[in-house]
Amino acid sequence: MLVLAIGLAAASVGWRAIVTARGLDDATLQAQVAAVAGALATAPDGSPRLALPPEMAAAFQAVGGSSVFVIADAARRPLLSSDPAVAAQLAPYLPERDGLFRVPAFPRHPEGMLAYAVYSGQWRVAVAQTREQSEALVSSLLDEFFTTGLVLLALIGAASILIGVVTVRNGLGPLRLASAAAAQVEPARPGLRLPEAGLPGEAVPLVAAVNQALARLEAALGAQRRLVGDAAHTLRTPLAILTARLDSLPEAPETAALRRDADRMARLIEQMLQMARLDGMPLDVSQPVDLHVIAVEAISALAPLAVRHGVQLALSEQTNIRPVTGNHAALVIALTNLVENALTHAPAGSLVEVILEPPARISVLDRGPGVPEAERSLIFERFGRGQASDSTGAGLGLAIVTGIAATHRGSVRATGRDGGGAAFALDLGTFA
C-alpha cells in the first residue's frame, strides 16, 4: 500500500507538472497578446499602427515563425503580422470572441499552432505559437521530473518502507515474545504468564486480560486437583478399615466378592492419587534414566501379583538401547501400570514379556483377549475401558501412562499379536 501511495503521488505530481506547463503556455500567450494590443494604435487614415518595444519585436523575429502575432480587421484580413505567410494561415480561424483557439496543421507547421485572440477596438489581435514549443516545455519538465523527481521519490519511498519495516518489527517484537510465551502455556506450567513489558499500548489490555484468564484457570485447575487428591487421601482410611474387617470375616463366596470390590476400589484410589500427583506439579524430566533399572523395578514390584495370577513374568533386552533423560519414578509408574494391565488380562499359565527395544522402547506383551482395533484409542483416555475389560479395571492406568509418555516427548500405543494377545509399546523421545 505504501508503494502504491508513492506511485499515485508521483503520477499526481507528473500530471500537475504537465497541467502547470500548459497553463504557463496559456498565460504566456495572454501576456503577449496584451502587450501587442497595448502597442496598437489607429493611424489618421484609419489603418492600424503598431509600435512594439524593440526587444519584443526582435523576439518575434528570432523564433523564425514559430511564434507570430497578427492584427486583422473585422473581416479577418491580416493587416499587420510578424510573419505574413503564417498570418494568412491563422486568420481564418480567428474566433468571434476573446479566448484560446487552435490552428490545424499546415505545410509550414505540420503540428499545428495554439493561439490566443482579443479585440482591441476595431482590430482583432492574436498571438500564436507552434505546438512544438508547448510540447518541448512539457517534455523538458517531464525529463527533469523523471531524472530527478522520480529518483528522489524512489529514495524517499525506499527509506519510508525500510523505516516502516524496522519500526513495525521493533514494535511487534514484544508481541512475538508474548506469542512464544503463549505457546508454552500448558497444565504442567501453571504459573506461566505472557510478558507485558514493551508492548504497544493497544495490545496491553488484551495481554493483561489473557493473563487474568490464565490466573483464573490456574486457580480452578488447582482447586480441581486438590479436590481429587484430598478425596483419594480421605478414602484411604475407610477403605483400610473396610479391608481389615473383611479379612476378619469367615471365608465365603460373598466375602471373596467383597474383597475383589475392595481391591478394585483401592486400585482406583491409588491411580487417582497418581493422577493427582502427575497433574499437580510439573515432572522433572532432566535426569538420566536407565530403562533396564526401570524394568527390573517394575517387574520386581509386581512379581507377587504374577504369582497370585499364575502368570510368568520375563524381561528381555535387545542391544543398542539408548539411555534417556526423564523422571525415574514416573517411568516406573508407567511401566508398572502396563505390566499390571497385562497381568490382569493374561490367562493363568501364560507369559507376560517385558522387552527393551532400541532406541528407547519398552514393550509389554501378553496372551490375553487383546484389544479390538476400534478401542485402541479409547483405552488410553481417562476412565476409558474396552468392552473386553474385566470389572476390576479402574480405567485410569493407561491414561496415566499416556500422560507420562507425553511428558517425556513420547507415546504409547496398543497393537495385536499373532496367536492372540496384546502388545503395548511405550516409546520415549528424550535421549540423554
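Close amide H partners of E317, meaning residues 5 or more places away or on another chain with modelled amide H under 5 Å apart, are L356.
Which length gain, in nm to one decimal place, applies between D73 and Y119 when the Cα-Cα distance is subtracted from 0.36 nm times their residue separation? List each step's numbers first, then the result.
Working: separation 46, 0.36 × 46 = 16.56 nm, distance 0.99 nm.
Additional length available on full extension: 15.6 nm.
Our coupling estimate for the range 208-224, obtained by passing each phi through the Karplus curve with A = 6.51, B = -1.76, C = 1.60 and θ = phi - 60°, is 4, 5, 5, 5, 5, 5, 5, 5, 5, 5, 4, 5, 5, 5, x, 4, 5 Hz, Gly and Pro reported as x.
The range 146-252: which GluC sites (Glu not before Pro) are DSSP loop and have at most 12 other beta-carbon atoms within 10 angstrom? Before the final figure, lay out each step's value.
On the way: sites: E196, E202, E218, E251; in loops: E196, E202, E251.
In loop regions of the range 146-252 (DSSP not H, G, I, E or B), the sparsely surrounded GluC sites (Glu not before Pro) are E202, E251.
Amide H contacts of L396: F383, each under 5 Å away and 5 or more positions distant or on a separate chain (H built 1.01 Å from N in the peptide plane; Pro and chain starts excluded).
For the pair Q30 and A59, what calculated FRET efficiency results from E = 1/(1 + (r/R0)^6), where r is the Cβ-Cβ distance and R0 = 22 Å, to the nearest 0.05? Intermediate results must be reported in sequence, preceding the final value.
Values: r = 16 Å, r/R0 = 0.73.
Result of the calculation: an efficiency of 0.85.
Peptide packing: for 254-260, 325-331, the average count of neighbouring Cβ atoms within 10 Å per residue gives the ranking 325-331, 254-260, highest mean first. Using θ = phi - 60° in the Karplus curve 6.51 cos²θ - 1.76 cosθ + 1.60, the 3J(HN,Hα) couplings for the range 86-92 round to 5, 4, 5, 6, 7, 3, x Hz; x is entered for Gly and Pro.
We did not get these values from a lab; they are worked out from the coordinates using the rules stated. Predicted model, so just to flag it, every value in this text is computed and none were measured. Every residue, glycine as well, gets a Cβ built from its backbone with ideal geometry; the counts of neighbours run over all protein chains shown.
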